[in-house]
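Taken together, the values in this text are just the output of simple stated rules run on the coordinates, not laboratory data. Computed from a predicted structure; not experimentally measured. Here the Cβ positions follow ideal geometry from the backbone for every residue, glycine too, while neighbour counts run over all protein chains shown.
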Amino acid sequence: MTITIALNNDFINNLDLSPALTVIEPLLQEESITSHEQQLCFEINYTRDANDPRELSEIPEVRLWFVRLDAKYPWLPFLLDWKAGEFVRYTAMLVPHQFSSKEGIQYNPEALEIFLMHKIFILSDWLKQQSIPTQFRLKSLAQILGYELEDTFFDMIEKSRL
């Protein structure tokens, strides 16, 4: 079941997270958030001039709204619908990138690596708090962005928790 957060110019321009809060907060009150894993999508209706060629992730106001959302829910990638491309779009909102007509989105490699490691650490701790198995999920998340994480990396994370 897809869960949609609808955004428009007013919400974005005012950094109003209420559409996300209205959807996400009830999910957190449920017994297990795992039933909503990879089900969240954004419907962004941000109107702009007809001759504005920018993608949504290139508009500073839209990006800033997502930066604020990420500060509130840094573990949000757990809920995003990865198969529908929501994690990649979310990443584009937070990581510097360029668009290529031939190759699509091209992230800044260093920024992408920092973003991914940050999300891995956040999600590792959050998933553990939720008693949700982590390693497979985090490896899959990394693969979406083109990274392979070794088991030894996760061993190191576990050892650092002691």
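Could you work out the Rg to Rh ratio of the range 45-105, with Rh taken as the Kirkwood radius (inverse of the mean 1/r over all Cα pairs)? Write down the numbers at each step before the final one.
Values: Rg = 12.5 Å, Rh = 12.7 Å.
Ratio value, two decimals: 0.98.
How high is the relative contact order of the range 7-119, given as a whole-number percent (alpha carbon pairs under 8 Å, six or more residues apart)?
Numbers: 101 pairs, mean separation 28.9, N = 113.
Relative contact order comes out at 26 percent.
Given a Förster distance of 25 angstrom, what is the FRET efficiency for residue 153 paired with residue 71, based on the Cβ-Cβ distance and rounded to 0.05? It would help to have the intermediate numbers written out before the result.
Numbers: r = 25 Å, r/R0 = 1.02.
So, using R0 = 25 Å, E works out to roughly 0.45.
What whole-number value in cubic angstrom gives the convex hull volume per residue for the C-alpha atoms of the range 1-43? Show your work: numbers first, answer last.
Numbers: hull volume 2.6 nm³, N = 43.
It is 61 Å³ per residue.
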Check your understanding: Roughly what % of Cα-Cα distances in the range 56-148 sit above 20 Å, to the whole percent?
Key -> 34 percent
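With viscosity set to 0.692 mPa s and temperature to 37 °C, compute the Stokes-Einstein D of the range 1-91, Rh being the Kirkwood radius across alpha carbon pairs; µm²/s, no decimals.
Value of D from the Cα-based Kirkwood radius: 239 µm²/s.
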Revision key, fill the gap. In whole Hz, the Karplus estimates of ³J(HN,Hα) for the range 77-82 (6.51, -1.76, 1.60; θ = phi - 60°; x where Gly or Pro) are x, 4, 8, 5, 6, 4
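Quick one: how many lysine pairs does the chain have with C-alpha atoms less than 17 Å apart and a gap of 8 or more or different chains? Give me the count, please. Walk me through the numbers before you get to the answer.
Details: 72/119; 83/139; 119/128; 119/139; 128/139; 128/159.
For the chain, qualifying lysine pairs total 6.
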**Study point:** Inter-part distance where the range 31-70 and the range 108-135 are each reduced to a Cα centre, Å
**Key:** 20 Å
**Study point:** Peptides ranked, highest mean first, by Cβ atoms within 10 Å: ranges 30-43, 77-90, 146-159
**Key:** 77-90, 30-43, 146-159
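Over the chain, what number does the Rg to Rh ratio reach, with both radii from the alpha-carbon atoms and Rh per Kirkwood?
Rg/Rh for the chain comes to 0.97.
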Check your understanding: Considering amide H positions built from the backbone, and no H for Pro or chain starts, which residues 5 or more places from residue 4, or on another chain, come under 5 Å of its amide H?
Key -> 41
